[in-house]
Amino acid sequence: MTASALTNNLFKPLKVGEITLAQRIAMAPLTRERARVADSVPTDIMTTYYTQRASAPGTLIVTEATFITERAGGYPGVPGIWSQDQVHAWQKVTAAVHKQKSFIFLQLWALGRVAGPDTLRSNGHDLVSASNISDTTQVGQHLALDDVFGEAPRPLSVEEIKEYVQDYVHAAQNAIEAGFDGIEIHSANGYLLQQFLDEHSNLRTDEYGGNVENRARFVLEVVDAIISAIGADRIGIRLSPYETYGDMKPGIGTLEQYAYLLKELEERGLKPNGRLAYIHTVENTFKSTNSLGEPILRRPLEFVRNVWTGVWIRTLGFDRNLALQFADVDDKLVIGFGKSFIANPDLVRRLKENLPLNKFDFKTFYRAGSKGYTDYPFYES
Ligand SMILES: Cc1cc2nc3c(=O)[nH]c(=O)nc-3n(C[C@H](O)[C@H](O)[C@H](O)COP(=O)(O)O)c2cc1C
């Protein structure tokens, strides 16, 4: 380790729920589409991939987003966690990661309106969301097979929302059975839960829409039901307040919406055993100038710390220097790395020892077998 890194928070242990990380570095969730297409069962190559990335003991891995049920899905090659076959296949992954003395949380995913409509239909399911508003940013684009984006979704009924909450609970219980240290609720990046949080995709007039409290109701019901099922200290949640992906439209109401949601999560932590393991945010950056007119990069998520006092994972656009800088001024911060973890199976070691990084190849991000997946080299001096 270099001298400055030796004393930096980034390389100090941190308790996250019931586990203790050896350093404050997490592998961010990364969809790679290497599961078996027919039944969403994780494949052996996925075990190899996660084992490699768990090579530094005490690393936190958040898995690729994983469908809670078949109807919540609609992308090929994405793993699931609703069937016993999937649970058994995931057990190989969690056992291998634990053998490396690292930790692994499963990210729970429901797509909502951005799913492939034909894939859903072929399995007897509808395209659903908070309201009948489509994602206009990807209209006409082909996803896979015959799927074409742009169809208007059907609003979920209240009864269906309650069923979805139970689907999340079932998935979380399966994750624990599969040996995961915890789960991360994917409430970010424009998928189903964020479609309820965003006032432009949620035009409901029932108890799930119309104001800040109601738009947060679905996600908080999911949180509370999973707390009852597996305990708060095994739960993380991912949020991306200023994300525009999936036709999310952050605006003047965004701060109020997320400040409310975070306050609710913070208040659950004041009750015995109510503290979630962590909040995970996807950063959003924009260029601005300081008082001297010099260009600086601003991050509009600083407000999170005014509300949330627990462990906070921040991801997007971090390199070693920025991670050191951020970690050292906040004693409960973990830095998440996405693309650099794709290309560097030994990223934690490289960050610690300040070694050069492999470059990622975006052409092999999705569905490309072992190429660009398990063949990135470990560092050799
Ligand atoms: C190939 C790829 C797949 C991703 N899949 C997911 C995912 O399944 N769930 C999720 O929440 N974010 C996903 N993301 C976003 C990453 O978790 C992360 O926020 C993003 O890569 C920014 O971090 P970075 O700048 O360190 O790469 C994905 C990103 C990439 C590049």
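The values are calculated or read from the model by the stated rules, or taken from the named source; none is laboratory data. None of the values given here were measured: they were computed from a predicted structure. Using ideal geometry, Cβ is built from the backbone for each residue, glycine included, and neighbour counts are taken over all protein chains shown. Note: accessible area is taken over every heavy atom of the protein model, side chains too, but ligands, DNA and RNA are not part of it. Shrake-Rupley method; radii C 1.70, N 1.55, O 1.52, S 1.80 Å.
Phi angles of the stretch 236-244 translate, via the Karplus equation with coefficients 6.51, -1.76, 1.60 and θ = phi - 60°, into HN-Hα couplings of x, 9, 9, 10, 9, x, 9, 6, 10 Hz per residue; Gly and Pro are given as x. Residues D361, D44, sorted by accessible area with the largest first, give D44, D361 [1.4 Å probe; ligands and nucleic acids excluded].
Working note: 222 nm ellipticity from helices only, DSSP H runs with n ≥ 4, each -39,500 (n - 2.57), summed and divided by the residues of the chain, gives -9000 deg cm²/dmol to the nearest 500. Tell me, how many Å apart are the Cα centres for the stretch 103-124 and for the stretch 324-381? Centre-to-centre distance over Cα atoms comes out at 26 Å.
The slack between F286 and L322, meaning 0.36 nm per residue of separation minus the straight C-alpha distance, is 11.4 nm. In this structure H170 has an accessible area near 80 Å², from a 1.4 Å probe over the protein heavy atoms. Of the residues G190, L270, M248, the one whose Cα sits farthest toward the positive end of the charge dipole of the chain, with +1 on the Cβ of Lys and Arg and -1 on the Cβ of Asp and Glu, is L270.
Could you pull out the pairs from K287/K359; K263/K287; K12/K99; K162/K263; K339/K363; K15/K263 whose alpha carbons sit more than 18 Å apart here? K287/K359; K263/K287; K12/K99; K162/K263; K15/K263, as the Cα separations exceed 18 Å there. Accessible area per residue (1.4 Å probe, heavy atoms of protein chains only) ranks E33, E163 as E163, E33, with the largest value leading.
The slack in the chain from E256 to Q173, taken as 0.36 nm per residue of separation less the alpha-carbon distance, amounts to 26.7 nm. Around the amide H of H280, modelled in the peptide plane, lie the amide H atoms of I237, R238, L239, I313, all under 5 Å away and 5 or more residues distant in sequence or on another chain. Here the stretch 18-170 carries DSSP beta bridges of which approximately 10% are antiparallel, counting only pairs with both residues inside. Per residue, the convex hull spanned by the Cα atoms of the stretch 3-364 amounts to 141 cubic angstrom. The listed residues R71, R367 rank as R367, R71 when sorted by accessible area, largest first, using a 1.4 Å probe. Within the listed set P79, P300, P241, the residue fluctuating most in the Gaussian network model of the chain (springs between alpha-carbon atoms under 10 angstrom) is P300.
Looking at the chain, what % of its DSSP beta bridges pair antiparallel, to the nearest 5?
Working: 8 of 43 bridges.
Close to 20 percent.
Couplings for the stretch 308-323, taken from phi via the Karplus curve 6.51 cos²θ - 1.76 cosθ + 1.60 with θ = phi - 60°, read 9, 9, x, 5, 10, 9, 10, 10, 2, x, 8, 10, 4, 4, 5, 5 Hz in order; Gly and Pro are left as x. Listed by chain and number, the aspartates and glutamates whose alpha-carbon sits under 13 Å from that of K271, ignoring those within fewer than 8 places in the same chain, are D224, D233.
If I compute solvent accessible area with a 1.4 Å probe over the protein chains, what percent of it on the chain is carbon and sulfur? All intermediate terms of the calculation are to be shown ahead of the outcome.
Details: 8140 of 15420 Å².
Accessible surface attributable to carbon and sulfur in the chain totals 53 percent.
Contact order normalised by length for the stretch 95-203, with contacts defined as Cα pairs under 8 Å and 6 or more residues apart; what percent is it? Intermediate values should be presented prior to the final figure.
Values: 149 pairs, mean separation 39.8, N = 109.
Relative contact order of the stretch 95-203: 37 percent.
Around the amide H of Q107, modelled in the peptide plane, lie the amide H atoms of T63, T66, E184, all under 5 Å away and 5 or more residues distant in sequence or on another chain. Under 15 Å of direct C-alpha separation, and excluding same-chain neighbours fewer than eight residues apart, K371 reaches these aspartates and glutamates: E33, D44, D361.
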